[in-house]
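The values are calculated or read from the model by the stated rules, or taken from the named source; none is laboratory data. All values derive from a computational prediction rather than experimental measurement. With ideal geometry, Cβ positions are generated from the backbone for all residues, glycine too; neighbour counts draw on all protein chains shown. For accessibility, only protein heavy atoms count, side chains too; no ligands or nucleic acids. Shrake-Rupley method; radii C 1.70, N 1.55, O 1.52, S 1.80 Å.
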Amino acid sequence: MGLNMMSVLSVFSHFFLDFYVSFFNPLGPFIIQKFPIEVRMLTSFLALSSATASLFQIFFGFFFDRVKYTKSLLFTMYVMEALGISLIGLSTNFWMFIAAVFVVRIANSAFHPLGASMAGEVGGRTVAVFSIAGTLGAALGPVFISLYVSHFPIESLWLVALPAVVLALFLLRINIPNRTVHSQKFDLKEVMKLLPILLVVTVRSFLMSVVHTYTPIYITNVRHYSISLSGLLITSGMIAGVFANYLGVVLMEKIGAKKQDLVAFIGMGLTIFWLISSKGIASIFISFVLFDFFGFLLMSANVVQAQKILPNRKALASSVAMGFAWSLGDFIATGYNSVVGNNIILSLGLAIPVAFVASIYFGIVQKFDTK
């Protein structure tokens, strides 16, 4: 019963907290209009905020492997995300908006190694369900926030954040079982075993950051469709990721990590090319949905791989395969955006050779494999 409660709570929390953190990219066109700024300034700061928050995951992971009490931690994460979402609506300038984004991202970053370790107490397939829940939450967030700001004033976002406060108070009233912890010292040699996974996730994170940041702007500024349609596009891609997350774990167990990496990165490169070559909305939707499918094919699989390598350090392993690698990818995307960010099509197009080189290296050259 305890493990079931823990897994249910980790899955639900991942859905709910990732729902909130997915608001930022769809709000991009809206923020550019509200606070007159260059495209590259917004995209660079969104990537930087994500990278900085994700970087802290490795510290959260190390800490959570030594702390078995989760109730107060989860309460704090829920309240912080609610506060940040409320502040986005109250922001009177771009810098207040960025500060609010940081608050939400830090809370979300802290949750991921904790939630993944809670799911890992049950098993690898539960980790896949955990990832699916987060993907589903992140899928529904963009279309929700795009429709919301199209019909209601952004200042009323505190109403959207209110359920998080209610749920945080509910957490204090239920019995949450303690996790299994291992009081081990930080071992750099042990963490270095995760280097191959770190590299894969870093490249995947960079590609998904670029495509998810620029596609809403591409849809609205280049193809001149509505912000609601761009939000629906991101949601559609994330829903495809729901299925890809679970399929990725099953596929890895059958064909191994190398073949899976080869398929995923080739697919990402081809679909980016299709995306920027498309002029009709139907082909734009199909290409973006397929891009997300190939990208999410690796997400749960990478976390399961990491937890298999460090079975007694599940939070730390998860933080390397998720947050730390995500942060490296987002830091690279930040620099990338600052250089070429004002040319939207070029920014998307230059990601294509990166995907193809990654497919060759991870799928053929690199020796590391996992089944």
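Using the 2.2 N^0.38 Å rule of thumb for compact globular proteins, work out how the range 264-304 stacks up: its C-alpha Rg over that value, please.
Here the Cα radius of gyration is 1.25 times the empirical estimate.
Quote the convex hull volume per residue of the chain, based on C-alpha atoms, as a whole number of Å³.
Looking at the chain, the number lands at 115 Å³ per residue.
What Rg and what Dmax come out for the range 243-323 when only alpha-carbon atoms are used, in angstroms?
Cα radius of gyration and Dmax of the range 243-323 are 14.8, 50 Å respectively.
Under 12 Å between C-alpha atoms is the cut-off here; go through the chain and count lysine pairs that meet it, provided they're at least eight residues apart or on different chains. Don't skip to the end; give the middle numbers.
Numbers: K193/K308; K254/K371; K258/K367; K258/K371; K259/K367; K259/K371; K308/K371.
Going through the chain pair by pair, I get 7.
Mind checking which of F294, I276, M6 is farthest towards the positive end of the chain's charge dipole, using Cβ charges of +1 (Lys, Arg) and -1 (Asp, Glu) about the Cα centre?
Sorting the options by dipole projection puts first M6.
Using only the C-alpha atoms of the range 23-65, find the volume of their convex hull and express it per residue in Å³.
So the per-residue Cα hull volume is 69 Å³.
Mind listing the Cα extents of the range 20-143 along all three principal axes, in Å, largest one first?
The Cα atoms of the range 20-143 stretch 48, 24, 22 Å along the principal axes, largest first.
Working out 0.36 nm times the residue gap between K254 and R173, then minus their Cα-Cα distance, what length gain in nm do you get to one decimal?
Full-extension gain reported as 24.9 nm.
Fully extended, how many nm does the chain gain between I37 and F152 (0.36 nm per residue separation, minus their Cα-Cα distance)?
Numbers: separation 115, 0.36 × 115 = 41.40 nm, distance 2.28 nm.
So the extension gain works out to 39.1 nm.
If you take the beta carbon distance between K308 and F12 as r and set R0 to 25 Å, what does 1/(1 + (r/R0)^6) give as a FRET efficiency, to the nearest 0.05?
Efficiency at R0 = 25 Å is approximately 0.50.
Simple spin-label model, 7 Å along Cα-to-Cβ: V365 to V222 in nm?
Output for this residue pair reads 2.8 nm.
According to the Kirkwood expression over distinct Cα-Cα pairs, how big is the hydrodynamic radius of the range 299-371, in Å?
The answer is 14.3 Å.
Which whole-Hz couplings ³J(HN,Hα) result when phi for each residue of the range 231-248 is put into the Karplus expression 6.51 cos²θ - 1.76 cosθ + 1.60, θ = phi - 60°, listed in order with x for Gly and Pro?
x, 5, 4, 5, 4, 4, x, 5, 5, 4, x, 4, 6, 5, 4, 6, 4, x
Tell me, what HN-Hα J-couplings in whole Hz come from the Karplus equation 6.51 cos²θ - 1.76 cosθ + 1.60 at θ = phi - 60° for each residue of the range 82-93, using x for Gly and Pro?
4, 4, x, 5, 4, 5, 4, x, 8, 5, 9, 8
Could you please tell me the mean projected area of the C-alpha convex hull for the range 210-361, averaged over all directions and given in square nanometres to one decimal?
9.0 nm²
Only Cα pairs under 8 Å and at least 6 apart count here; give the relative contact order of the chain as a rounded whole percent.
RCO, the chain: 29 percent.
Tell me, what is the per residue accessible area of the chain in Å², probe radius 1.4 Å?
Averaged over the residues of the chain, the accessible area is 39 Å².
About the Cα centre of the chain, what is the dipole size in debye to 20, counting +1 per Lys and Arg Cβ and -1 per Asp and Glu Cβ, all else neutral?
It comes to approximately 700 debye.
Can you figure out the FRET efficiency of L346 with F63, using R₀ = 56 Å and their beta-carbon distance, to the nearest 0.05?
Calculated transfer efficiency: 0.85.
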